[in-house]
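Worksheet: one structure, shown below.
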Ligand code: 4AD
Ligand code: MG
């Protein structure tokens with residue numbers, strides 16, 4: 001007999017004579033009621049065991065974490081909270097789980113820290129099951145959005161020979177030995193003898209390669225892993241994270257903002273429509289967690305309300321210059337509550353500033369644009385008519401409440417001469433990036449794109465507060481278990 005998913009059993013339109021369910025025991029009460037979960041939904045199916053006719057030996061083996069198979073009748077449940085339950089006729093233990101040793105015991109309410117150390121088992125909790133299903137649905141929504149719009153999905157390389165993006169510190173990729181490393185005459189590592197015969201790294205962004213494809217296919221997107229060796233041990237940074245990078249020929253910065261806003265709203269709507277049970281559970285979890293916090297630190301909106309708010313309200317578009325004025329005049333700046341006081345135009349915004357703008361001042365998602373040229377990447381389009389000494393670029397960052405920066409992007413510098421001049425000023429090797437410059441040498445045109453950090457999106461949608469809890473096996477400084 002083939003087994004049926006718990007989700008389908010719970011959604012059944014009729015009672016059924018005989019069904020088979022397989023899953024893992026969440027709890028076993030009164031020697032009679034098994035809460036069985038198989039990962040297809042956050043909801044468990046209750047399996048009622050006829051304990052009088054079940055050998056004691058078997059009953060003892062129905063422990064939290066054990067894998068079992070039950071065959072029985074799907075009947076309407078007399079208990080509250082579920083429509084159906086299974087009256088068990090036959091129960092088979094597929095895999096035991098020693099109650100003394102299984103670390104995930106629902107009774108002890110394991111801490112998030114403890115669960116992180118048990119990342120291979122934490123997915124057996126309601127919370128992580130919900131997060132990982134939402135994550136999966138969100139990634140499908142990403143593809144859906146771009147595919148429906150005719151974007152081409154491009155797989156940019158993970159091992160890259162270009163190191164000029166400047167987005168972050170890189171992890172080296174090498175097959176050279178660490179002892180007896182081949183050296184050049186002047187004592188440097190001789191990468192000519194390495195696997196690729198040159199220095200290579202894990203990619204920090206697929207953008208530059210993506211641009212070359214956009215300049216042929218028109219609209220492209222990437223969705224893949226990205227690596228940054230920054231030593232930032234925060235609740236928003238991973239050393240390995242997934243990024244979505246659309247790039248569109250003939251789009252300017254305004255088009256880019258429109259695309260980013262529409263895209264984010266679409267995927268959030270998609271999750272709301274397709275992950276109701278999981279999101280409701282996560283909303284409850286968040287409320288629970290916040291009970292222990294002082295009133296001032298609690299969110300103003302519950303999770304679903306917050307998600308709907310993002311769908312129903314336009315993101316506020318604010319230039320960097322306006323933002324600096326707001327920050328300079330803000331109470332925390334005047335009272336020197338910011339760690340980094342904003343005195344002058346040109347200052348780089350820290351996350352405390354971004355969060356002030358989003359959470360205190362505007363109270364909605366914000367798109368900041370037209371940043372000072374010297375705090376942004378070399379490839380961003382220099383604005384026409386900017387004051388000397390106050391040059392700005394057509395950059396945009398999208399800031400989200402509770403998250404900070406979720407998107408970074410720009411209109412690209414399409415003018416060959418301006419781009420090359422900028423690269424010279426920043427001592428970026430033109431030879432190395434000659435292939436990139438070809439996009440500007442042959443058929444250059446206005447184009448724009450952005451990168452969205454997928455885990456930051458999952459953080460926002462699930463209402464979790466630490467990025468380590470929204471990726472299965474997080475990689476952070478000092479941490480590469482599993
Ligand atoms: O702002 P970033 O560095 O932009 C780029 O890499 C551009 N090449 C994107 C483009 O225009 N195609 O990174 C983009 C986004 C950030 O806004 C953030 O959401 C996420 O990637 N991000 C990280 N997420 C998790 N951990 C990290 N260490 C991250 N660094 C960036
Ligand atoms: Mg950025």
- Item | Qualifying residues in segment 404-437 (those that are within 17 Å of residue 162 (Cβ to Cβ) and in contact with a strand residue (DSSP E or B) (Cβ under 8 Å, 6 or more places away or on another chain)) - the one surrounded by the fewest Cβ atoms within 10 Å (Cβ to Cβ) | 422
- Task: Please enumerate the residues belonging to segment 221-235 that are more than 11 Å from ligand 1 (Cβ to nearest atom) and in contact with a helix residue (DSSP H, G or I) (Cβ under 8 Å, 6 or more places away or on another chain).
- Result: 223
- Expected output for segment 386-408 (first residue under 13 Å from residue 363 (Cα atoms), partner in a loop (DSSP other than H, G, I, E, B) and away from ligand 2 (no atom under 14 Å from the Cβ), Cβ below 6 Å, 6+ apart or cross-chain) is 400/365
- Note on the structure: Taking segment 381-417 and keeping only residues that are more than 16 Å from ligand 2 (Cβ to nearest atom), on the phi > 0 side of the Ramachandran plot and touching a helix residue (DSSP H, G or I) at 6+ places or on another chain (Cβ under 8 Å), one is left with 402
- Message: Are there strands (runs of 3 or more DSSP E) fully within segment 1-51 with at least 1 residues that are out of contact with any strand residue (DSSP E or B) (no Cβ under 7 Å at 6 or more places or on another chain), assigned by TED's automatic domain parsing to the domain that holds residue 86 and under 20 Å from residue 96 (Cα atoms)? List them.
- Response: 16-29
- Residue that is farthest from the chain's Cα centre (by Cα) [pool: residues in segment 50-63 that are at pLDDT 95 or above and buried (at least 16 other Cβ atoms within 10 Å of the Cβ)]: 61
- Could you identify the single residue in 238, 272, 208 that is in contact with a helix residue (DSSP H, G or I) (Cβ under 9 Å, 6 or more places away or on another chain), at pLDDT 95 or above, assigned to a helix (DSSP H, G or I) and within 16 Å of ligand 2 (Cβ to nearest atom)? 208
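The values are calculated or read from the model by the stated rules, or taken from the named source; none is laboratory data. Being a predicted model, the structure only gives us computed values, none of them experimental. Ideal geometry is used to build each Cβ from the backbone, glycine not excepted, and the neighbour counts take in all protein chains shown.
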